[in-house]
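Asks: Starting off with a structure, shown below.
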Amino acid sequence: MKTIHISHPHNLKREDFPKSVMALGFFDGIHLGHQEVIRTAKNTADQAGVKTSVMTFYPHPSAILKKGCEPKEWITPLDDKMKIIESLEADFLYIVDFSPQFASLSPEEFIEQYIIEFNVCHIVAGFDFTFGKFGKGTIENFQEYAKGRVNSTAVAKLSKQDQKVSSTRIRGLLREGDVAYVAQLLGRPYDVKGIVIEGDKRGRRMGFPTANIGLSDLYIIPPTGVYAVKAEIEGASFNGICNVGYRPTFYQKRPDQPSIEVNLFDFDEEIYGKQIRVEWHKRLRNEKKFDNMNDLIEQITKDKHAAIRFFKERKLAEI
Ligand SMILES: Cc1cc2nc3c(=O)[nH]c(=O)nc-3n(C[C@H](O)[C@H](O)[C@H](O)COP(=O)(O)O)c2cc1C
Ligand SMILES: Nc1ncnc2c1ncn2[C@@H]1O[C@H](COP(=O)(O)OP(=O)(O)OP(=O)(O)O)[C@@H](O)[C@H]1O
């Protein structure tokens, strides 16, 4: 996939682009609804024998349109979003700098400069996609503005439990810790990437060495508590348990940031400085203050069994 960053105004010409079917949206999380939009674009492009392109925006449009209300943390920061869009077999990703000038384009100007000039023969967007100043352009009135020069497909609303699958809903669920339901809406577990950093080295003495993680991007961190996770290090995957929290058993004063630490099962290697990817599968319990270290060790042993049981039952359910 070729990724092209574009700032407004651009001086690219129609000849600079291969003919394509384009999926449009911000696409934070690339959830099941987004996947449907991108797959529809891909299928339409394949049938027409042209390329598949995706247009997304950076920063989030609400950083300009509803200043102060924009998300500050992401389900998929840009780097992850790019990788997932690539895995959906898009040929081109256009990342348009969402500036005030770009936001004030009329629907007609947007179509001229970003659809016609981009050699797009067909656009695909969700039922609620809007474009142009004041969001006047919609997927329904797109044809009026495009004057028949570009085809369009509106993807119907995808809902779960009578609610639209949306990035906003998934961000809310992550903040509540409902990582199991998030996995259903994403079609894959929520994951974050980071580097293994040094902790207090107490974990090993407790019989539960933990990889402390320094996140590599502005991810949404699920709330404090204990989770069943899988972690990938150098291409190998391990089951484990993760604690997000302030370790109240050992710290009277709450540190500024919660720590994210993972104990991996059947793993005993030195991994400081290595890259780690953590998948969040199930929330197990709240973080608690224990009277002594032995009580905490007893609880973590139970957490480990709960996680082992969870992964075992899920494996059986898959058979
Ligand atoms: C699965 C798991 C559950 C944990 N639960 C708690 C808890 O409920 N309360 C708490 O104070 N610390 C909890 N901890 C954090 C431990 O206190 C921490 O792992 C230990 O202090 C080692 O820290 P270190 O890696 O910085 O050496 C938990 C850790 C893990 C791995
Ligand atoms: N549940 C859904 N069903 C069908 N299309 C969707 C769905 N959610 C989003 N889309 C479409 O996917 C594209 C990207 O949408 P967008 O990034 O605004 O996602 P969103 O999940 O609706 O986000 P937000 O929660 O911020 O409204 C748009 O074309 C949008 O209409």
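Asks: Among the complete DSSP H segments of the chain, which ones combine at least 20 Å of alpha-carbon extent along their axis with a mean Kyte-Doolittle hydropathy of -1.0 or more?
Replies: Sorted by number, the helices that extend far enough and score high enough are 32-48, 293-318.
Asks: Kindly provide the pair-distance distribution of region 44-113 built from C-alpha pairs, with 10 Å bins from 0 and whole-percent values in order of increasing distance.
Replies: Binned Cα distances yield the sequence 17, 40, 34, 9, 0.
Asks: Next question. Net charge around Ser87, counting only other residues with Cβ within less than 14 Å of its Cβ (Lys, Arg = +1; Asp, Glu = -1)?
Replies: Computed value for this residue: -1.
Asks: Dimensions of region 2-163 along principal axes (Cα, Å, largest first)?
Replies: Here the spans come out as 37, 32, 30 Å, largest first.
Asks: Here's another thing I want to ask about it. Tell me the net charge near Ser237. Cut-off is 12 Å between Cβ atoms, Ser237 excluded, with +1 for each Lys or Arg and -1 for each Asp or Glu.
Replies: Around Ser237, the surrounding residues sum to -3.
Asks: Which entries of Lys164/Lys274; Lys72/Lys147; Lys67/Lys274; Lys83/Lys160 have Cα-Cα distances beyond 31 Å here?
Replies: From Lys164/Lys274; Lys72/Lys147; Lys67/Lys274; Lys83/Lys160, over 31 Å: Lys164/Lys274; Lys72/Lys147; Lys67/Lys274.
Asks: Next question, about the same structure. Restricting to Cα pairs below 8 Å that are 6+ residues apart, what does the relative contact order work out to for the chain? Please round to a whole percent.
Replies: 16
Asks: Largest first, what is the accessible-area ranking of Lys282, Lys66, Lys253 with a 1.4 Å probe?
Replies: Descending accessible area places them as Lys253, Lys66, Lys282.
Asks: Additional query: Hey, could you get me the Stokes-Einstein D for the chain, Kirkwood radius over alpha-carbon pairs, 20 °C and 1.002 mPa s, rounded to whole µm² s⁻¹?
Replies: Result for D is 99 µm²/s.
Asks: Counting only the heavy atoms of the protein chains, how much of Ser87 is accessible to a 1.4 Å probe, in Å² to the nearest 10?
Replies: 80
Asks: Within region 220-301, report the GluC sites (Glu not before Pro) that DSSP leaves as loop and that have at most 15 other Cβ atoms within 10 Å.
Replies: Listed in order of number, the matching sites are Glu234, Glu269, Glu270.
Asks: What is the spin-label model distance, in nm, from Lys72 to Lys136 if the labels are put 7 Å beyond Cα along the C-beta direction?
Replies: Distance between label points: 3.5 nm.
Asks: Of the accessible area of the chain, with the probe set at 1.4 angstrom, what percent is carbon plus sulfur?
Replies: 49
Asks: Over region 2-163, calculate the relative contact order: mean separation of alpha carbon pairs under 8 Å at least 6 apart, over the residue count, as a percent.
Replies: In percent, rounded to a whole number, it is 30.
Asks: For every other residue with a beta carbon closer than 13 angstrom to the beta carbon of Tyr58, add +1 if it is Lys or Arg and -1 if Asp or Glu, then tell me the sum.
Replies: Around Tyr58, the charge tally is -3.
Asks: Amide H neighbours of Tyr94 under 5 Å, counting only residues 5+ apart in sequence or on other chains, H built in-plane at 1.01 Å?
Replies: Hits under the 5 Å cutoff: Ile4, Val54, Met55, Thr56.
Asks: If you don't mind, another one. Which FRET efficiency, nearest 0.05, do Arg204 and Ile319 yield, Cβ-Cβ r, R0 30 Å?
Replies: Rounded to the nearest 0.05, the efficiency is 0.25.
Asks: Could you tell me which of rounded, prolate or oblate describes region 189-318, using a ≥ b ≥ c as the square roots of the eigenvalues of the alpha-carbon gyration tensor, with rounded for a/c under 1.5 and, failing that, prolate when a/b is larger than b/c and oblate otherwise?
Replies: Note, shape of region 189-318 comes out rounded.
Asks: Given the protein chains as shown and a 1.4 Å probe, how many square angstrom of His60 are accessible, to the nearest 10?
Replies: Rounded to the nearest 10, the figure is 40 Å².
Asks: Name the residue from Gly177, Asn151, Tyr114 whose Cα lies farthest towards the positive end of the charge dipole of region 110-229, charges +1 on Cβ of Lys and Arg and -1 on Cβ of Asp and Glu.
Replies: Gly177
Asks: A further question follows. When the chain is treated as a GNM, springs tying every alpha-carbon pair under 10 Å, which of Met22, Met206, Met82 comes out with the largest mean-square fluctuation?
Replies: Met206
Asks: Report the gain in length on full extension from Glu234 to Tyr251: 0.36 nm times residue separation, minus Cα-Cα distance, nm rounded to one decimal.
Replies: 2.9 nm
Asks: Kindly report the accessible area of the chain per residue (heavy atoms of protein chains, probe 1.4 Å, no ligands, DNA or RNA), in Å².
Replies: 51
Asks: Please compute the volume of the convex hull spanned by the alpha-carbon atoms of region 91-132 and report it per residue in Å³.
Replies: 92
The values are calculated or read from the model by the stated rules, or taken from the named source; none is laboratory data. Owing to the predicted nature of the structure, the values given are computational and were not obtained by experimental measurement. Neighbour counts run over all protein chains shown; Cβ positions are idealised from the backbone, glycine included. Each accessible area value is taken on the protein alone, full model and side chains, heavy atoms only, with ligands, DNA and RNA left out. Shrake-Rupley method; radii C 1.70, N 1.55, O 1.52, S 1.80 Å.
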